[in-house]
Structures are given as structure tokens and as C-alpha cells.
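Readers should treat all values here as calculations from the given coordinates under stated rules, not as data from a laboratory. The shown structure was predicted, so the numbers you read here are calculated from the model rather than taken from an experiment. Here the Cβ is made from the backbone with ideal geometry for all residues, glycine too, and neighbour counts use every protein chain on show.
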Amino acid sequence: MSIEASKQKTLNIILASPRGFCAGVDRAIQIVELALEKYGPPVYVRHEIVHNKYVVENLRKKGAVFVEELDEVPDDDQPVIFSAHGVPKSVPQEAESREMFFIDATCPLVSKVHREAERHYKNGRQIILIGHDGHPEVIGTMGQLPDGAVLLVETIEDVDNLTVADENNLAWCSQTTLSVDDTADIVERLQEKYPTIDGPHKEDICYATTNRQAAVKAIAPKADAMIVIGAPNSSNSNRLVEVAKSYGCEKTMMVQRAADIDWRWFDGVESLGVTAGASAPEALVDEVIEAARGHFDVTVSEEPITEENVVFKVPRVLVA
């Protein structure tokens, strides 16, 4: 289809709302920016501060230096920032042993899960963590406690195959960015298998993950196709793709930038749902809409399901 011909077609873009940045991501980015302002570059960041290349590249241009491990950081007294996903306890311990100046940008809702796991362990319980193997948040949560204290499950089948130390001394926690529906099924199976298992006082899946999935559920049945703006290594973005497909929009794809879009994919598409993972800035949503205007006569509507007003304070050292 030529651009000239496709411009005559109307594309109705339905924006999911809420979408994009959550309070934890916003806080983590602010921490890096404030550290650069206060201490000057370089500011070192262990791992991607959040899972988004656009964000990481913008911070790199301002003077942030991203490293995988602390042994890549020179002893120059410049700040080292830990990512929003959280880190194992061994990381700040290593930083302290080297007398590094470090700032923890772990999302407060992830820190809440860490404290829950520690409380259960202190009370003699073995913890079952629902999460994705290898994800930085899972590595950080499991790394709060000694080896064997936390068992990881990803599926109902993992629960069925689980062997625990004491069936009457168990608790469960979860990664904050999981599918609400899938996690509910796993929790149900855990409770069937271990009736006395203890759980969190308040849901571990964060408000932003829950809200973004609910917003996708609301628009998926109305859309011929859907685009999720996010990164392949972003758990919450991948879950949005799964939710869209499960709730009536099988034609769903993830893109990182508008340049990733294959416009031939739009044959037969009249309504397009658009959302963004919690690490994706609104600028990338605008970019996709503007790119679509180059191919279609675009109308844009938005269907908000709730209003978010959560704000997390940055560490005092950055504002003192």
C-alpha cells in the first residue's frame, strides 16, 4: 500500500490510560538527574536504571555511565546509583567495603517486597517467590536472604513440582510487574497445596502494573490491533502484550520506537490501541502517533479507567 493511498484511510487510535511512566520509574530517573546536577558527571548507574533504551541514552548524554557490576566503577568518589529494580544485599555490602558513595533508586514498592521476605524469614518461614527467573527484580529479592530461603516459581506446574522444607511454615511474595490474572491462578494453586501459607498484607503487584493491565483490558476488545511501546526486557511491557491478546486483540505487537513499526502490518486495521509500559516516556507515544499521521488520517481518543496521583520522594541527600 502506497503512502498516498493509505493517507485516505482513517485510523482511530485509542490510547490506554493510565500508560507509561509509574512513580517508581519517575523517581529513579529523577535520582540520576539530580545526582548529575548536584555532583556533576560522571554518575555511575549499576544496570539500566529502568528498562528503556530511550531513557538510558538520554541519561548517558547527560553524563550517566552505565555499568553491569561495581568492579567497573573507579574509586573517584563519584556517586553510584542502584537501579529501580532493586539489588541483592551483596551489592551495597560490596559498595560499603570499598567506601563508595552510593544512592539506592530501588522502587519503594519493590523495597516493600524485600521487607516482607525478610519478615517472613525472621519468623521462620520459607518464602515462595512468584516471578521470572533471571529478572533483575527477582535476583534482587532472592538476594535479600541466604540461599535456599526463597524458592522461585513461574507457573502452576512449578507449584505442583515444588518441594519445601516445612509445609506449615511458608509464605509467598511476588514480583511487582507480573500478570495480575496469571499470578492469581498461581496463588490459588499455592493455597490449595499449602492451606496455611501466609501472604502479603497488601498485593505485591504494584498499582501501576495493575492499572496498565486494566486499561489494556478495557480497550483491547475495541481495537483491530494494538501497539505496546516498551522494551523486550521489560516485564511489565511483555505482560501488556499478553493481556491485550488474551482480552480480544490477538494482533498485538511491542515496539521500542516508531521506527520499529512495519506499516504493512496495518492492512485491514481501522482502530489501533496504543499503550506504553511503565518505563516508556510519553514522548514515545507522541512519536508513534506522529508517525501514524504520515500514513493515515488519524483520530485520537483516550479511555481513562483511573487517575494516578502516586509520588515517591527522592533520597534526602539529593535535595538537602
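The table below gives the values:
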{"item": "Most to least packed among 163-171, 200-208 [average Cβ atoms within 10 Å]", "result": "200-208, 163-171"}
{"item": "Volume of the Cα convex hull of segment 243-292, divided per residue and given in Å³", "result": "84"}
{"item": "Expected 222 nm ellipticity per residue - DSSP helices of 4 or more, -39500 (n - 2.57), all of the chain, to 500", "result": "-11000 deg cm²/dmol"}
{"item": "Relative compactness, segment 108-204, computed as alpha-carbon Rg over 2.2 N^0.38 Å", "result": "0.95"}
{"item": "Where GluC sites (Glu not before Pro) fall in DSSP loop in segment 14-121, at most 11 other Cβ within 10 Å", "result": "Glu68, Glu69, Glu99"}
{"item": "Space enclosed by the convex hull of the alpha-carbon atoms of segment 23-104, per residue, Å³", "result": "82"}
{"item": "Sparse-neighbourhood loop sites, GluC sites (Glu not before Pro) in segment 233-320 - DSSP loop, at most 12 other Cβ within 10 angstrom", "result": "Glu250, Glu307"}
{"item": "Semi-axes of the equivalent ellipsoid for segment 165-209, Cα gyration tensor, largest first, Å", "result": "21, 11, 7"}
{"item": "When the convex hull of its Cα atoms is projected in every direction, mean area for the chain (nm²)", "result": "17.9"}
{"item": "Neighbour cut-off at most 14 other Cβ (10 Å), DSSP loop, trypsin sites (Lys or Arg not before Pro), segment 44-101", "result": "Lys89, Arg98"}
{"item": "Top of Met254, Met142, Met100 by mean-square fluctuation, Gaussian network on the chain, Cα under 10 Å", "result": "Met100"}
{"item": "Highest-first arrangement of 174-182, 119-127, where packing means the average Cβ count within 10 Å", "result": "174-182, 119-127"}
